[in-house]
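Data block below; observations after.
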Amino acid sequence: MPQTTPAAYAQELKTIRDALGWTQEKMADALGIRQDSYSRYERGVRHVPEPTMRLARQLRNPSTAAATH
């Protein structure tokens, strides 16, 4: 089972964003949150809510989105 610590989520968010080649602002828009909130998640200052993390993973692998519903 993957780690679910704030630091692990923060690193995963950054990895996903980097893989997409997106800015924090574009990633925040795609997640439906403000850029400053996204920045706090990515820096590990705030815990990433599970629904936000699921959506970020779906952005990285859109083909898995249908399989998870």
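The values are calculated or read from the model by the stated rules, or taken from the named source; none is laboratory data. Only a predicted model underlies this, so the values are computations on that prediction, with no experimental measurement involved. Glycine also receives a Cβ, built like all others from the backbone with ideal geometry; neighbour counts cover every protein chain displayed. The accessibility values were calculated without ligands, DNA or RNA, using every heavy atom of the protein model including side chains. Shrake-Rupley method; radii C 1.70, N 1.55, O 1.52, S 1.80 Å.
For the chain, what class follows from the C-alpha gyration tensor (a ≥ b ≥ c being the square roots of its eigenvalues): rounded when a/c is under 1.5, otherwise prolate if a/b is larger than b/c, else oblate? The shape class here is oblate. For the chain, excluding the exposed loop sites themselves (trypsin sites (Lys or Arg not before Pro), DSSP loop, at most 13 other Cβ atoms within 10 Å), the longest remaining stretch covers 1-33. Under the criterion of Cα pairs below 8 Å and six or more residues apart, the relative contact order for the chain equals 37 percent. Taking amide H as placed 1.01 Å from N in the peptide plane, the amide H of Arg46 sits under 5 Å from that of Tyr41, each at least 5 places away or on another chain. Each Lys and Arg adds +1 at its Cβ and each Asp and Glu adds -1 at its Cβ; summed about the Cα centre, segment 1-47 shows a dipole of about 120 debye. At 1.4 Å probe size, with the rest of the protein present, what percent of the exposed accessible area of the chain is carbon and sulfur atoms? The value for the chain is 53 percent carbon and sulfur by accessible area.
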